[in-house]
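See structure below.
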Amino acid sequence: MSFQELIANLQYDTVDVSLSLFRPELAICATIVVMLLARLPRIRIDAFYVALVGSAVALWFAAPWRYLAAGATEAAGPQEIFTGMLIFDGLTVYFRSVLLLFAVLFIVMTRLSGIPDREDGADFYTLILGGTLGMCIMASANHLFTVFLGVEMASVPSYALAGMLKGRRQASEAALKYSVYGAGAAGVMLYGISLLGGALGSVHIPTMVTQLASMPAEALAERQTVLMLGGLMTMVGLAFKLSAVPFHFWCPDVFEGASAEVNAFLSVASKAAALALLLRVAIGFGHLPQQPAVENHVPPAAQAAVTAAQATLVSDAPYSAQEKANDDGLSPTRDYMVGIIALIAAITCTFGNLAAYAQTNIKRLFAYSTIAHAGYMMMPVAAAVALLGRDPPMAEKCVAALAFYVGVYLFMNLAAFAIIAFLRNAMRSEQIADYAGLVRHSPGLVVCFSIILISLIGLPFFSGFIAKYWAFYVLVPAQLIWLLVVGGLNTALSLFYYLRVIKTMTMDPEPADRLPVDFSMISAEGVYVALVSLPIVVLGLWPDPLMRWVDAACRQLVN
Amino acid sequence: MSFFSQPVGVSHFLVVGAVLFVSGVVCMAVKRNALGVLMGIELVLNGANVNFVAFSSPFLRSDNAYALGLDGQLISLFVIVLAAAEAAVALAITLNFYNNHSTVDVDRADELKG
């Protein structure tokens, strides 16, 4: 291929194919630039409006209703963009929409709770949108380098956000711990990626899988240790982002030290992106891509030659279609991944639930709740990988279960942290003991908080129940019954500490030394809490629309 | 032929990378000064960089079917930039910690626990 052709291909791939599918991210980039310009003394626009409009535009471009709705005008078939660095499919659309919807709701919440004051606003929103950009890249990563890049782009702004409250000892400590752990985990992950890339001769996930599946046995035996070590080290970085045990240390400390708003960002957006990334890596390494990796970024003129080349490539491949359905040479890889993910999931949710008991600070309690939920949400990932070889349509159902869980989790945790932030403003405290007797002052708020907590437990009639039921249900066909038992026991465990908060709010006598609470539901804050809690109830009674969306998002994941 | 008498190949570079990586991890684990910990992180990233460059070199490998190609070198360039960005943020956070605690001893970051 001559240099001219190379440039022509690159231009076709970038301008004609990729950029239009990358519009949400471009909108965020533009917003960040505009926000920096808006600080110029001549202009002076409030960064809040710029951020709100920018993220709303990005959400408009992400357009789940165009790709995922029943009568979708544009099919979201899997398509590699930017020469295979990223992948665009239903899952990308779904997770990007979740992240951007969160960004819009979150920006409104920060205005109501007033944590970035006017002075800090531009910095705060720049960091938030920069982090969201990294998370969108995590959700669409198709190349181990974009995996690393996405993790870093999401983490570095989060470190700064954790220490956003200047002059607070706890915030500075939280930020230091977060940045040191985070950078260490990222370094280990990069080393793992270098080992995997060196052993398989590529860092493009579909190519790596093809290499792995077609590798002669002696070469594979030679590389086995390196591959296992590399996979484990890559998992360290992912586990850190998921706050999975044993890389969860940072989570409670950071949640306690940082403000409730930042906690909402870390516990929803960061977690959703980390799960999407885990899915990308686990599913990517668990099944063979249909076509050879290099295609569809070729201009139509050169297509004919490429098709001919592809034909020889396919016939040369050492596996036929028949063999591939039964054994594609990846079952050891899958077993390894299922083992690691299921084990970490079981330990993570057990640890999170046990450690949550002793907490007196509501933010710390929610940190452990977040850890436990990360464990629950990793369970369907393990099931999906286990089913990839046996029953791909069922594996897609597992992914759909996770996607549904993430969608519901967004509202539960966003509403919970919004309430924590508004109560902090109202009574200057984040201790559970100070919530005692709150029902006498603000019954509406207590009702909302109770709905959230019951939904987080996974009791019926709220959306948390459906999400958890579905996530556990898919473990049965995956033959991970032990994981199901662990999950069930954990749900029983979690009952007590969530209900204790409800009991404190409703039954306990008010503490004498508490500042008077004046929080009315007939205020912007009250309406916001009600609006964000509403989907928890609505999706519990009427989950079909979201279920259809997640089904559409996962339909073409495994071909 | 022993490892030392061979012509220099990928494995020699991998040893350098591994030594850098292990030094970095040890540095992160044992240093009490936050700046020392940050230096350890840089060592880890550079250990990975050495690996990437060695894997991607067409001159070092005998089995070219598994050579990483240009990807490796490009990744290491990006990682250098990322490491600088990360160091800038981490140093700012360390300075903020110093302003609040008058020390950069990581063992003094012990107020949050439980």
Which ³J(HN,Hα) values in Hz, rounded to whole numbers, follow from the phi angles of region A:114-121 under the Karplus curve 6.51 cos²θ - 1.76 cosθ + 1.60, where θ = phi - 60° and Gly and Pro get x? x, 6, x, 6, 4, 5, 8, x
Rank-order A:368-378, A:493-503 by packing density, defined as the average count of other C-beta atoms within 10 Å over each peptide's residues, highest first. A:368-378, A:493-503
For the protein assembly as shown, place one equal point scatterer on every Cα, skip the solvent, and apply the Debye formula. What is log10 of I(q)/I(0) at q = 0.09 Å⁻¹? -0.75
Taking loop as defined by DSSP and a crowding limit of 14 other beta carbons within 10 Å, which chymotrypsin sites (Phe, Trp or Tyr not before Pro) in region B:34-114 fit? B:F59
Looking at region B:10-105 from every direction and averaging, what is the projected area of its Cα convex hull in nm²? 6.2
Please average, across the residues of B:22-33, the number of beta carbons from any other chain that are within 10 Å of each residue's own beta carbon, and give a whole number. 1
Given H placed on each backbone N at 1.01 Å, which residues far from A:E80 in sequence or on other chains put an amide H within less than 5 Å of it? A:F88
For a quick check: sort A:E218, A:E80, A:E430 by the number of other beta carbons within 10 angstrom, fewest at the front. A:E218, A:E430, A:E80
Show me, for region B:28-41, the HN-Hα J-couplings you get by feeding each phi into the Karplus relation (A = 6.51, B = -1.76, C = 1.60, θ = phi - 60°), rounded to Hz, glycine and proline as x. 5, 7, 9, 5, 9, 7, 4, 5, x, 4, 5, 5, x, 4
Can you list the residues, at least 5 places off or on another chain, whose amide H is less than 5 Å from the amide H of A:H143, using H built in the peptide plane? A:I205
Within chain B, helix-based [θ] at 222 nm, where runs of 4 or more DSSP H residues each add -39,500 (n - 2.57), nearest 500: -23500 deg cm²/dmol
Which stretch or stretches of region B:16-48 have amide N atoms under 13 Å from the point lying 7 Å from B:Y98's Cα along the Cα→Cβ direction? B:33-36
Could you sort the peptides A:340-353, A:441-454 by per-residue average Cβ neighbour count (10 Å cutoff), highest mean leading? A:340-353, A:441-454
Potential extension, A:V33-A:S2 segment - 0.36 nm per residue separation minus Cα distance: 7.5 nm
Separation of the A:W65 and A:K503 label points, Cα + 7 Å toward Cβ, nm: 4.5
Using alpha-carbon positions, what is the distance between the centroids of region A:356-407 and region A:108-165, in Å? 23
Angle, helix A:169-200 long axis vs. longest principal axis of chain A, Cα atoms, 0 to 90°, nearest 10? 10
Region A:224-267 residues near the modelled B:D107 label - backbone nitrogen below 11 Å, point 7 Å along Cα→Cβ: none
How high is the FRET efficiency from A:A524 to A:Y469, r the C-beta distance, R0 35 Å, rounded to 0.05? 0.50
Value of [θ]222 nm, deg cm²/dmol, for chain A, DSSP H segments ≥ 4, -39500 (n - 2.57) each, nearest 500: -24000 deg cm²/dmol
Using a basic spin-label model with each label point 7 Å from the Cα along Cα→Cβ, how many nm lie between A:R390 and B:Q73? 4.8
Give me the distance between the Cα centres of region A:199-263 and region A:20-43, rounded to whole Å. 32
Could you go through region B:83-93 in sequence order and give the Karplus-derived ³J(HN,Hα) for each residue, using 6.51 cos²θ - 1.76 cosθ + 1.60 with θ = phi - 60°, rounded to whole Hz, and x for Gly and Pro? 4, 5, 4, 5, 5, 4, 5, 5, 5, 4, 5
Computed lengthening from A:V476 to A:S20, 0.36 nm per intervening residue step minus Cα-Cα distance: 160.1 nm
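Readers should treat all values here as calculations from the given coordinates under stated rules, not as data from a laboratory. Keep in mind that this is a model prediction, so the values were computed, not measured. A quick note on method: Cβ atoms are made from the backbone with ideal geometry, for glycine too, and the neighbour counts reach across all protein chains shown.
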